[in-house]
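Data first, discussion second: the structure below is written as structure tokens.
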Amino acid sequence: MTRSDASPLGVSSAVPTLTFPARVGAWIGALVELRGVAAEVPTASVALDETADGRLATVIWPDGVRTASRLFSSDPAMAADR
């Protein structure tokens, strides 16, 4: 998506966007790498482990470093106590 007058860095700016169909109970993971040029092969990857205590998303970066983040339940929230 390109926007005009949206950045102090110049007249136009480009914003990456992703579109996925929404499905109840389905997880969608996306890893957006801002390189400036196309990569011949993916340089980072993400894995979702649903067998762990909850869900665990692990990103493996180009330098081999791993970052893991626990994903909490997306069950409907309880009604607010007002």
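Read-outs: derived from the displayed coordinates by stated rules, not from any lab. All of these numbers come straight from a predicted model, not from anything done at the bench. Glycine gets a Cβ as well: all are built from the backbone with ideal geometry, and neighbour counts include every protein chain shown.
Taken over region 22-66, the residue count meeting the criterion of being loosely packed, with under 11 Cβ neighbours inside 10 Å, hydroxyl-bearing (Ser, Thr, Tyr) and touching a strand residue (DSSP E or B) at 6+ places or on another chain (Cβ under 7 Å) is 0. Scanning region 9-38 for residues that are in contact (Cβ under 8 Å) with a residue 12 or more places away in the chain and more than 15 Å from the chain's Cα centre (by Cα) returns a single hit, Ala14.
Can Ala6 be described as free of Cβ contacts under 8 Å to residues at least 12 places away in the same chain and part of a strand (DSSP E or B)?
yes
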